[in-house]
Structures are given as structure tokens and as C-alpha cells.
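See below for the structure under consideration.
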């Protein structure tokens, strides 16, 4: 209809899935990584959930494209089947012959034989179930029994369940606790941020051969706000906007057109969505009745009580309760960090290179290796053999912990959900330049010769080569080999300021903010007294620092920015060895694509500290930007009580979305994915309620918002005088539900609902999905969820 008018090759916003228009946001990419890692290393079950229209089908198709080459994938798209029909469908997908009158046992025996046959041939069998919230409980139980088919090393059937949030509620029921305990990775897809909505629209336009944007800035904001970041709704609003503009012969989509299109498309959407969610909410007492059993489930998941599978590394940004801070800024110190220990490995030492340890502590370079009296050959290892010996992510994490001076067994050496030894865990997909700017050893996910993933620790770098710890060996590879093999996935350990890795952003006030201001003054050469308030001046400093280091200058001090700052300040911790210089024969071997084996370092005098055990965990829900401090109160992980826990008997674990990509400060913030396996049943239930429908438009009249203007001002836009007059507020918990009576926030340790005072002179007027609106003096102020000052 409008393609010719706007010079489009095809309709860019059709709701029919088209691989040409796939747009994977950072959270979709993270979901892919999380789910794939969850079924590796012996894991049997992975869970991907998300609201209607958030892109689960797109992610599923991307999952299929990223499956290892040596794999056989069975898909069930219509899960409304009986147990017998499930078995028959699985036989059909796997090419197993059977008679139509075969009963359960013959089918089960045939499936078991097929799984063992695939395993002997090195083929991984994966079952992908879409719309899994429609599965009957007995079918879910049968899936669990199928995952019992295993060897001593791994599960022979990997199951990925994809469904709506109701699926998570189902799995919290008492009779499904055994299935829930088998889930090694779970991810909840959240809507797109305001910035991602803009990128999504531009991406789809470019795929339809429209290079210049058709939508102005106001239209982007309207669509992001009214669609709530749901891709399917974005498509509907954009398509209707183009139709209206074509009808009126307008070449640009303005905010006015987008607003009108949004009302026409979404008015009926909100009614059906509201009714659907209320239909689901009436069952909440059933789930509440299963809290006692769910508490045991949470403990089992937390400590990995399932002996049939070892936990895969997970994404977790975590923190302990903050330590007492001093007024003075300590001078950076350098701590000697020991070299890695590798046991039970016999390596033939090459006479052309000594066994001196590359620098992994202070950054001081050693003298280059001598190039005289070199032998003609060096020891090498075959690529396939190295990859075969390096399939354990846990072993790679052990080596990484040793570089930081900690000894950990393979089960404890994961990216755990608590800070141990002041170390936080960070996992992301990074460009090589960013990884090298962090200058810390990292566990890397590598592509094997036949599609199998293997793991190595990046240990050092030189001119055209990289040094790795992998499979109990210290090896050198060429830059070309490294770039081809590395997937881009990296896992790092780092010491965040005050043992809190959460993102710092504008509007926050804390000692961590003062710490950041002091360090940036030192790095940027600025004078003046550091402030504990994250205001425009500090944001400008953060951006200057980010630009100077080639980072995304978004003004948020997230994990990547803090890690690079840590490196610039030469704070204690292992750094990448930068003095590697290949000998002539090693260079020749690398040029031929060989992997060179290096001598192991001497570690007879090395004393490692046992990795501290975790204390009971209390969860504080935070966001990447803005985010609350580690001092926020949390919900106690107990089925019997929600009383606060002191620092003496518990550590606060902050679950946040990983990465440095915080939400646009001028747009809506989004509640990020929470790994509910580490939450108490009560808190998990409240979080799921908070992910319910959007009643924000119902608050418009009460808050005086209209299409043309709004008298609600963002906290970032109020005057500094008013900011200083605001009382201290610590928004610790944010629970939003489509029913206003179920929405509440915890502020300064007290639960508060709409119409109640959260602090002296501050009245809570509205609770919205990503923010609260308070009345202070004569102003209505929007405050992002889960922040403090």
C-alpha cells in the first residue's frame, strides 16, 4: 500500500516472522548465550520466558541457527499433547520408526537407544519446546524422566523450554519441584529500552532498503512509550503510522501521527491484555500455597544439589554488603598476584625459552627473550587435541581464580551469585579492543574444529600472538588463529568498588559515587572536592573518560567502565602479560597455524587462599541504570518470614542485568531479567506480578498528563536547589502489577502504596512499571525504579 510512496522494497513492519528483519538486541543476545551455556557441560534443561510479543520466536529461530553442527534438534511447536503423543512426536522428530499401536515402554526404549546412538557418534540431541506454558503437568514430568537418560558425564537429551511467564509459575508448584531443580539456565526476556526501540525501527527500515529515517525523534519517543518496548506492538504502531502518513501524503512520521496511530492500534490491545492478565492473577493463591516446597527448591537451585549435572557459568553481577568507608582516598597499591598452577601435566621444556613467569600483577615488563642459539623445532599441540582437553568451563574458571590468588574446586569455581574474596563475576560478549583495554585475564569461549565449544584463559598478548592457559597447558597461538576461534564471549573476575558491581548513574547519592568522583579526578587531572552526588558534572567526567578509552560514552559507570578505570589506576590484580616475544622457530610454527606449547611456570612456593564460602544470600533487586547501592535492604530468602537480615549473618546479593548498556536516561527504564532460581519463592512471586500488564495510561488523568504536555518532571531535570531539599530516600523494592492494590514499593525500610507518604513531605502519587511519581512541594517528580540518594 505505502511501499512505493516511501520508496520501500517491502513492508518493514509485517508481524509475520521474516529472517531478513531479525533484530537481536543486547538482551536477546544475552538470552542466546545464557540458554546455550545452560545446556553445555552436561546440563539437561534450560528455560526461556517472556511476555507476549517480546521476541521469543525470533530468539528460538536464532537458537536453531546457532546449534552446534554435530547436533540433532527436535522441535515441538504445539505442546498441547498427551504423554503418549509427546513420545510419538519425539520419535517423529528424531526419525525413529515405531508402530502406531506401540505403547509407552517400546517408545521409551526406542528413544533411549537413539539417544545413546547419537552420543556414540558425537551428536548432541536437543529438544526445543515452544509455547511450553501449555504443557500439562504429566507431560512436564515425562520430559524430566527423559532427561534422566544420561552417561556418567552428561545428559543425552538437552531440553529447552520456551514460554510465557506463566511457565515459571507452573514450575514453582510443589509437584514439579524435581523438574525445576534440573533447570541449569533460565532467562526472562524483557521489552526493548527506548534506545533499542529506535534501533529496532531503523534496522527494519534499512532491511526494506530505506536508509534515511522516516520517523522523527518525537515519534520514536511516542512509539517507545506507548508500545512498552514490545516488538510486536512496535510493528503494529509503525505500520499504522506509515498508512496514516501515506493517506495524508506526509513524507515524515511525526509525534502527532505516531500518537494517533498508537491510540487506534493499542486501545483494544490494552483491554484484552488487561483481562488476560487478571485471569491469570486470580490463581495466585494456588502458587502461594506452594511456598513451603518452593523454599526447598530455591535452596536446591542455589547450592546445586542435583548431582547429575554440574552448573554452567551464569551471568551474575553480585555484591556483598558494603564495607565501612574512610574519608581519605587511599593511594593505589600493587599486590603481587601469583602465577597459575596446573597440576598433573607433563610438559617438555624447550631450551629456547626459560620458564619465567609473564607479568600478571604489576604491569612491569620483563626483558625480551634472547634470539640467539635457537633450536630448529618447538613443541606443538594439535588443535583438535587441545580443544578436546578444554571442554570444561569449570576447569578454566579454576585457573582464573588461581590467577587472582584463590584456590577453588571445580564446582565452586563458577560465576556464582555471591561475591567471594571481594571478587565479582562479569560475563558478556565483547569486542577484542575492549577486552584488551580491560587488561585482565579472562575465560574465553572458543570454537572447536567440529563446532564443539571449548574454554581457555587469556593469559598474555604480544606482537601478533596470544598466550592461553587451556587443557592444563600454557600455549601460544597466532593472532589470526585467536580471532577466528574466539566467539567473543568472555568471563572476567574483578574487584568492584566497595564490593558492589552495580552501575552508577545520574541522580544517585552514595559513598560509591564519591569514590568514582575521586578516581576520575585523579585520572583526568582535575582538582576540586569530590561529591557523593552523581550530577551533570560527574556524568561529563565519566563520558570524557569513556571517550578517551574507546568505550561507549553513555555517561553510566557500569562494570566495563569500572574495570577499565581499575586498570588505569593499576589497582591490585592480575594483568595480561604484555612482554611476550616469539622466538624465530615459534614464529615460524605460528605462521603455519601450529599451536606452540610453552613451559609451565614454577609454582612450588605459591600459597593460595581458599575461596571463601558463601553466606546465606539475601536478594536486593537492582537495575543497571539507575541502580541502587549495596546498602539497600532486601527481601529475606525464606518461605516463613520477610524480616530483614543483618550483615552479620547474610550477604546481600544484587541481581542486575549484565553489560554496560543502561537504559536511555531520557526514556523509560526497563525492569531487567532476574534469575529467579536464586530468589525466595515469595520474592519470585512478587517479581512475576511486577512483570504484569501496563496500567500506566490509567494514571495520566490523576497525574495531569495529556498528549500535549505533562506536569510530571524527571528527577534529572529538577533544579539543584529542589534536589538538595529532597529528603533521603532509598527505594529498595519496586513491585508493579496491573492491579493497583498489588503494587507497592519499599522506601527506607517501609512498604508503601499509592497515596501514602514515602518520606517527610514526599507523597507517593503513582507506581508505574519503570518509575514512581511522587509529589514534593508543588511538583510532581518521576523517579526511576530502585534508586537511592
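The values are calculated or read from the model by the stated rules, or taken from the named source; none is laboratory data. The structure displayed is predicted, hence computed values, not measured ones. As a convention, Cβ positions derive from the backbone with ideal geometry for all residues, glycine included, and neighbour counts pool all protein chains shown.
If you go through segment 190-199 and keep only what is touching a helix residue (DSSP H, G or I) at 6+ places or on another chain (Cβ under 7 Å) and buried (at least 24 other Cβ atoms within 10 Å of the Cβ), you end up with 192, 197.
Which members of segment 147-162 meet the condition of being in a strand (DSSP E or B) and surrounded by fewer than 22 Cβ atoms within 10 Å (Cβ to Cβ)? Scanning segment 147-162 gives a single hit, 150. Just to be sure before I move on: is residue 480 over 22 Å from residue 431 (Cβ atoms) and either free of Cβ contacts under 8 Å to residues at least 60 places away in the same chain or in the same structural domain as residue 570 (by TED's automatic domain parsing) (or both) in the structure I sent? No; evaluated as a whole, the condition is false for this residue. Quick one: would you say residue 127 is in a helix (DSSP H, G or I) and in contact with a helix residue (DSSP H, G or I) (Cβ under 9 Å, 6 or more places away or on another chain)? Here the answer is no, as residue 127 does not meet what is asked.
Against the definition (under 28 Å from residue 62 (Cβ atoms), in the same structural domain as residue 162 (by TED's automatic domain parsing) and surrounded by 12 or more Cβ atoms within 10 Å (Cβ to Cβ)), how does residue 140 come out, yes or no? Considered against the rule, which asks whether it is under 28 Å from residue 62 (Cβ atoms), in the same structural domain as residue 162 (by TED's automatic domain parsing) and surrounded by 12 or more Cβ atoms within 10 Å (Cβ to Cβ), residue 140 comes out as yes. The numbered conditions (1) over 25 Å from the mean Cα position of the chain (by Cα); (2) surrounded by 19 or more Cβ atoms within 10 Å (Cβ to Cβ); (3) not assigned by TED's automatic domain parsing to the domain that holds residue 443 are all true for residue 586 except (3).
All conditions in (1) within 27 Å of the chain's Cα centre (by Cα); (2) over 21 Å from residue 178 (Cβ atoms) hold for residue 93, with the sole exception of (1).
For segment 551-569, the set of residues classified as surrounded by fewer than 21 Cβ atoms within 10 Å (Cβ to Cβ) and either in a helix (DSSP H, G or I) or over 22 Å from the mean Cα position of the chain (by Cα) (or both) consists of 567, 568, 569, listed by residue number. Residue count for segment 753-772 under the criterion of being farther than 11 Å from residue 785 by Cβ and under 30 Å from the mean Cα position of the chain (by Cα): the result is 1. Would you say residue 437 is surrounded by fewer than 21 Cβ atoms within 10 Å (Cβ to Cβ) and within 30 Å of residue 539 (Cα to Cα)? Answer is yes for this residue. Taking the numbered list (1) assigned by TED's automatic domain parsing to the domain that holds residue 118; (2) modelled with pLDDT of 90 or more in turn, residue 171 passes all entries but (2). Checked against the criterion of being modelled with pLDDT of 70 or more, under 30 Å from residue 222 (Cβ atoms) and either assigned to a loop (DSSP other than H, G, I, E, B) or not assigned by TED's automatic domain parsing to the domain that holds residue 228 (or both), the candidates 674, 699, 763 yield just one match: 763.
For segment 404-425, the criterion of being in a strand (DSSP E or B), at pLDDT 85 or above, in contact with a helix residue (DSSP H, G or I) (Cβ under 9 Å, 6 or more places away or on another chain) and surrounded by fewer than 21 Cβ atoms within 10 Å (Cβ to Cβ) is satisfied by no residue at all. Among the residues of segment 90-115, those that are under 25 Å from residue 154 (Cβ atoms) and surrounded by 14 or more Cβ atoms within 10 Å (Cβ to Cβ) comprise 90, 91, 93, 94, 96, 107, 108, 110, 111, 112, 114, 115.
Of the numbered criteria (1) touching a residue at least 60 places away in the same chain (Cβ under 8 Å); (2) crowded, with 20+ Cβ neighbours inside 10 Å; (3) part of a helix (DSSP H, G or I), the one residue 87 fails is (1). Across segment 40-78, the qualifying residues are those that are over 29 Å from residue 200 (Cα atoms), modelled with pLDDT under 80 and touching a strand residue (DSSP E or B) at 6+ places or on another chain (Cβ under 8 Å), and the one among them that is surrounded by the fewest Cβ atoms within 10 Å (Cβ to Cβ) is 42.
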